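Okay, so here's the structure we're looking at.
Bear in mind that the values in this text are calculations on the coordinates, not laboratory data. Because the structure is a prediction, the values reported are computed rather than measured. Backbone-built Cβ (ideal geometry, glycine too); neighbour counts: all protein chains shown.
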């Protein structure tokens, strides 16, 4: 699967060269939209893309932020402190307040493709070009997204640099683990989204780090989502070697935490609990943070195969990734302290 | 004809009473983690006899004691509670179309759960708040409508209004809730026995037991109260006090069941109907049999969902999918006189 | 067990009922008659305390009726409504059994003596063979008898019946009134009946009470009070009393 990923990465070429005047961009929904050549004011309603915009150095051109980023994102204030002054443009259901949007007068709007018909509706109502992007947890799509957003904002070169950096780091991990046979890849159960029995049906950082996500291949509980509710007995039958819990919550917000899992009488017989191999990982909601996803992959790789990554200092690597992406020093360390992710074999 | 009828009724009655026990034994052996039936006996014994503990794998004991037993007990208790509550309210309001949620209970419960999940944080269980607001909703309906002796229509209307009010409040809370809290709420609303552990049952089970006991003790009285208020009063019943008592008990058990298991529909409507079709309308028999059949019904539904797939499907979906066609069939059959 | 009205007043927005000093003799059948809207049913319901009754207005064997607790009162006085709208398909036996409510505590289940009272009541009205049948399968005449049986099972000394013969055919009418009369003769129960049918009232009652517009126009044994002028007064149309074969017939 990693091989396929890399193949796709090589095949990716920047499909659109910016011309004079407007650029035509194709978004995640397959819509072709004409984007003005110079984008000075951009409004992103998709947190993942907002982070990419900051990574591309176009942070100052943001004119607003969405509700999710404003209320629930712990990383964003760290990477873009100026965000506190940005008006909140959308409501809890994700739908933007149209009058505020018009008042802010962006040159470009980026929306989430998960709301049916929203991008078109928004475009019609505001008369502004609206692009819909999401990677939905796939590295391949994440890279493409970075390139497309870069093209739309006239930052193609910077986008290319970031994409290359991301690609190379992932490739480095892959090289160190590609010869590990399937049975030596640890069986991992991932618990996300506030309930121990809720698991993603596919999580690329786990696969990229040469682990086996046990919930892979199951049907999601709700159409269009990536989450599945598994029964406790199923988890016991799987008997995972490692348990990963959703760490992107503040400690006070966590329903599922390491202490709780280790002391739960129902999970006593699980290998991971007996060996105390229960850790936090970052995870995602609908939206990823590209830098964090990369660091997470490196972190998990070291966690799963410590003998192959002994020389890697994850905190140092993480800080470097954050420096390259967001131009900040000690960023990863700051985040992990904020989320109180304890030290462990992953370091 | 009379004799033969009575005999077949008695047989049916005994069968229904035995059903929960049989289903319990069956359900104990169902689950994603397969425990061979032979080992099950040993495992159960080891729970009671400490010296046998070495012979039985830890994981078997954990599954039986901490996963299956609480879940099965919850299914039995909640099923019995909802069915009896429905039967009692049907007798009280003299209308077999009444279900346990008519007095606004489900909306109050949902609102309480949402409030708790959003404001008290995700580590605090939503059960207590769900319970409290369920009671609040019913009390509101009773106080607004006047008295339990008020006509059914006025109580129903008040119930609809109070329900709508709490639904609106619920939507408001959902609006301000984080996506994380919303997900939990969604699963709770669908009716879910999956995460029931002993801690969740610690308060709910005794409440259900107490309320059920009260309702079972009052079962003959329900016959009297199911006559018109005038007739009941003429016969010497303190109509107002007795109706309050029944409604309180019914609300108690339904609120307790709903707070842990979420909203599971149709049990209180269908099970009493089926029981009356089988054994007649005398509440001395209908109430206990409703408890047994309701318990069996929910347990069976839960076991079926568990055995079909290792993915958790909310049991409320099943009771609706099965319940609605049965309800329609019943409606078609009994056109004139109700059962 | 005599029922004594000292002073009874009841009013709602449409209607006022007022009685001063009326006595219903023990062990007698009193027929309450009058035109529509005279307040017959209202009077009966007041006497049964199914409508609000003031203290010290009605006395049962010297005891204040309104001051009695409900169960206490129900053991002495029972009320039979005109009809019962069935919701659930109870058997006749279970139906009649509900009349025993006054003799049972809140959580008590009927015992042997309650079952015996039911059997006896059914025997009296001749419905013993119907005991196991659903109430809803009975004819309207038989249903009336079941209602009476229920009141009998209540074991009270005073029976109030509201229009027990309305909509019954002549044979059932006679049957029901015959049973009621037997109650006064054989068991010395005080019976008050509201009746539409004047002829029947005259024939069966030991005493008559004529109501009009909420007031008592006359009360007493038929031989004493019945007169053509009284009838015209109460019913506002000329009437004649005809004697035929020893019976009194009212002709309009």
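See the values below:
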| quantity | calculated |
| --- | --- |
| Order of C:46, A:276 under a 10 Å beta carbon neighbour criterion, fewest first | A:276, C:46 |
| Gain in span if fully extended, residue A:71 to residue A:182, counting 0.36 nm per residue against the direct Cα distance | 35.9 nm |
| Where N is the number of residues in the protein assembly as shown, Cα Rg divided by 2.2 N^0.38 Å | 1.31 |
| Cα gyration tensor, the stretch C:86-174 - rounded (a/c under 1.5), prolate or oblate | prolate |
| For C:75, A:266, order by how many other beta-carbon atoms lie within 10 Å, fewest first | C:75, A:266 |
| GNM flexibility winner over chain C from C:190, C:87, C:98 (Cα, springs under 10 Å) | C:87 |
| Cα gyration tensor, the stretch C:97-252 - rounded (a/c under 1.5), prolate or oblate | prolate |
| Kirkwood estimate for chain A, i.e. one over the average of 1/r between Cα atoms, Å | 20.9 |
| For residues of C:86-96, the mean tally of beta carbons on other chains within 10 Å | 6 |
| Exposure proxy order (Cβ contacts within 10 Å, fewest to most) of C:72, A:305 | C:72, A:305 |
| Modelled FRET efficiency - R0 60 Å, residue B:203 with residue C:171, Cβ distances, 0.05 increments | 0.40 |
| Shielding by partners - mean other protein chain Cβ count within 10 Å, residues of A:68-77 | 1 |
| For chain B: relative contact order, % (alpha-carbon pairs under 8 angstrom, 6 or more apart) | 30 |
| Inter-part distance where the stretch B:266-295 and the stretch C:200-223 are each reduced to a Cα centre, Å | 49 |
| Sequence-separation-based contact order of the stretch B:265-339, relative, with Cα cut under 8 Å and 6+ spacing, percent | 42 |
| Volume of the Cα convex hull of the stretch C:107-149, divided per residue and given in Å³ | 86 |
| Simple label model, 7 Å out from Cα along Cβ direction - residue A:268 to residue B:248, nm | 4.2 |
| Estimated 222 nm signal from helices in chain B, with DSSP H stretches of n ≥ 4 weighted -39500 (n - 2.57), rounded to 500 | -25000 deg cm²/dmol |
| Computed [θ] at 222 nm, helices only, for chain C once each DSSP H run of length n ≥ 4 contributes -39500 (n - 2.57) | -9500 deg cm²/dmol |
| Ellipticity estimate at 222 nm from DSSP helix runs (n ≥ 4, -39,500 (n - 2.57)) divided over chain A, nearest 500 | -11500 deg cm²/dmol |
| The stretch C:87-132 versus the stretch A:329-347: alpha-carbon centroid distance in Å | 78 |
| Gain in span if fully extended, residue B:238 to residue B:5, counting 0.36 nm per residue against the direct Cα distance | 80.4 nm |
| Inter-label distance, nm, simple model (7 Å from Cα along the C-beta direction), residue B:53/residue C:115 | 5.2 |
| Contour excess over end-to-end distance, with Cα ends at residue C:225 and residue C:247 and 0.36 nm allotted per residue | 6.3 nm |
| Pair-distance profile P(r), taking every C-alpha pair of chain B, with 10 angstrom steps and integer % | 6, 24, 32, 23, 11, 3, 0 |
| Peptide-level mean, for B:60-68, of C-beta atoms on other protein chains within 10 Å | 4 |
| Alpha-carbon Debye profile of the stretch A:40-124, log10 I(q)/I(0) at 0.14, 0.18, 0.19, 0.20 Å⁻¹ | -0.41, -0.70, -0.78, -0.87 |
| R0 of 51 Å, Cβ-Cβ distance residue B:29-residue C:128: FRET efficiency to nearest 0.05 | 0.50 |
| Isotropic mean projected area of the C-alpha convex hull, the stretch A:181-346 (nm²) | 9.7 |
| Descending semi-axes in Å of the stretch C:203-243, equivalent ellipsoid built from Cα gyration tensor | 16, 15, 7 |
| Estimated translational D of the stretch C:1-90 in µm²/s (Stokes, Kirkwood radius over Cα pairs; 25 °C; 0.890 mPa s) | 172 |
